[in-house]
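Taking it in order: structure first as structure tokens, then the write-up.
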Amino acid sequence: MVRQRIANPSFSGSTPLAASSSPWRRAILLPLLLMILAAAACAAGYLLGDPSAILRKAASVCLECIGIG
Amino acid sequence: MRPRSAVQTVSAILGNLYLEGWLKGAVYAGGSKAFCFPGLHCYSCPSSVLACPVGALQSILAAPGFAPGLMAGERGSLTLLAVLGFLLAIGFLAGRAPCAWLCPFGFLQDLLARLRRRHAPIPEAWGAARFAVLAVFVIALPLALRPFPGAGGDPWFCKAVCPAGTMEAGWPLMAFDGGATLQPGFLFAWKSALAVAILAWSVASRRPFCRVLCPLGALWSLAGRFSLRRMSVSDRCVSCGRCRTVCPVEHEIWRRPRSQDCIRCGQCVPACPAGAISEGWRSTG
């Protein structure tokens, strides 16, 4: 039975390709996906949101930052 | 000059290209200020050409009418996504690396630390305070503390804590104004005292603001757990502690290589006598 398992790579239900992609997924896929999602959120925010709100705040003296406002 | 110091210098220069502001005593108002600087750098600094991400985050949260219940489809919330997405993308790529390589306030603390050979240690547990600063001063207070429902709030981190704002904007702009229009009160005195205390602490200890108070570092710490860039320590490590002595945040990397405290400056890599520390991208293995 044990020999059968070793001899047959598809016994575990995964192909050699899927088996080799598993550590790849664990190591890189999640951080890569998170980074792409964050970058996409940033791009969507700038394209669909109101980036001039950041500009309005940043382009005038921020009295709160000085400690007066 | 060490490579990291060179990159920090270039970053500080690129973030402060509007030198004319220092002659006029006015802030830059060009379109680049709709984009954030990858570090703590006050947008009211006369030479600053980019927006401070922490200030931008707070100003969006404190805007009149902004409420968490209006998240879906609301333009203010989408703008919040722009800033948060920018910061998280950096965090997921390289964790706290911008603290080591790009942040001008981190650079200032590095320079101040060179004034002394021995530095007072900072208890590791104090690092939890930066997460509290992020949660309370950057998110909760600007969002919740409003004179009446629907009214605008205040950027409380800028207002009550930020020493970068005091040093880069408060002191220079007050000097330019000379008391003509700006009337400093208790807040200015409090923030000035806090900024002086942090400067003095930066001489006595290494990067105290980054380790204990910085909300930007806290956000990148959280994202850094999943970052593509990371440190590794092999079993060749003999726990000699040499890496801790060269580390700008005195991190014991051999104990926790994936720690949220590491700013990924990479100084420990060449310092390790056993060659046990490496820095690189997540591998496929």
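Rolling a 1.4 angstrom probe over the stretch B:3-227 with all protein chains present gives an accessible area of which 74% lies on carbon and sulfur atoms.
If you run the Gaussian network model on chain B, springs between alpha carbon atoms under 10 Å, then out of B:Leu182, B:Leu14, B:Leu88 the most flexible one is B:Leu182.
Angle of helix B:75-94 to the longest C-alpha principal axis of chain B, folded into 0 to 90 degrees and rounded to 10: 20°. Modelled spin-label separation between B:His119 and B:Ser232, with each label point placed 7 Å from Cα along the Cα-to-Cβ direction: 2.8 nm. Quick one: longest stretch of chain B between exposed loop trypsin sites (Lys or Arg not before Pro), exposed meaning at most 13 other C-beta atoms within 10 Å and loop per DSSP? Maximal segment without exposed cleavage sites: B:119-235. The angle separating the long axis of helix B:3-14 from the principal Cα axis of greatest extent in chain B is about 10 degrees.
Per residue, the solvent-accessible area of the protein assembly as shown (1.4 Å probe, heavy atoms of protein chains only, all protein chains present) comes to 47 Å².
For chain B, the longest principal axis of the alpha carbon atoms and the long axis of helix B:215-224 meet at an angle near 50°.
The interface between chain A and chain B buries about 3400 Å² of solvent-accessible area in total (1.4 Å probe, ligands and nucleic acids excluded). Between B:Ala125, B:Ala97, B:Ala169, the Gaussian network model of chain B with springs among Cα atoms under 10 angstrom shows the greatest mean-square fluctuation at B:Ala125. Exceedance of the 18 Å cut-off in Cα-Cα distance is limited, within the set B:Lys24/B:Lys159; B:Lys159/B:Lys191; B:Lys33/B:Lys191, to B:Lys24/B:Lys159; B:Lys33/B:Lys191. FRET efficiency for the pair B:Thr9 and B:Ala151, taken as 1/(1 + (r/R0)^6) with r the Cβ-Cβ distance and R0 = 51 Å, rounds to 0.75. Projecting label points 7 angstrom from Cα along Cα→Cβ for B:Arg225 and A:Ala43 puts them 2.8 nm apart. Taking label points 7 Å from Cα along the Cα-to-Cβ direction, B:Thr181 and B:Ala271 give a separation of 4.7 nm. Annotation: amide H-H contacts under 5 Å for B:Ala63 (H modelled 1.01 Å from N, sequence separation of 5 or more, or interchain): B:Gly153.
Residues of the stretch B:78-126 that lose at least 30 Å² of accessible area (1.4 Å probe, protein heavy atoms only) when the other protein chains are present, relative to their chain alone, are B:Leu78, B:Thr79, B:Leu81, B:Ala82, B:Gly85, B:Ala89, B:Phe92.
The values are calculated or read from the model by the stated rules, or taken from the named source; none is laboratory data. The structure displayed is predicted, hence computed values, not measured ones. A quick note on method: Cβ atoms are made from the backbone with ideal geometry, for glycine too, and the neighbour counts reach across all protein chains shown. Note: areas computed on protein heavy atoms with side chains; ligands, DNA, RNA excluded. Shrake-Rupley method; radii C 1.70, N 1.55, O 1.52, S 1.80 Å.
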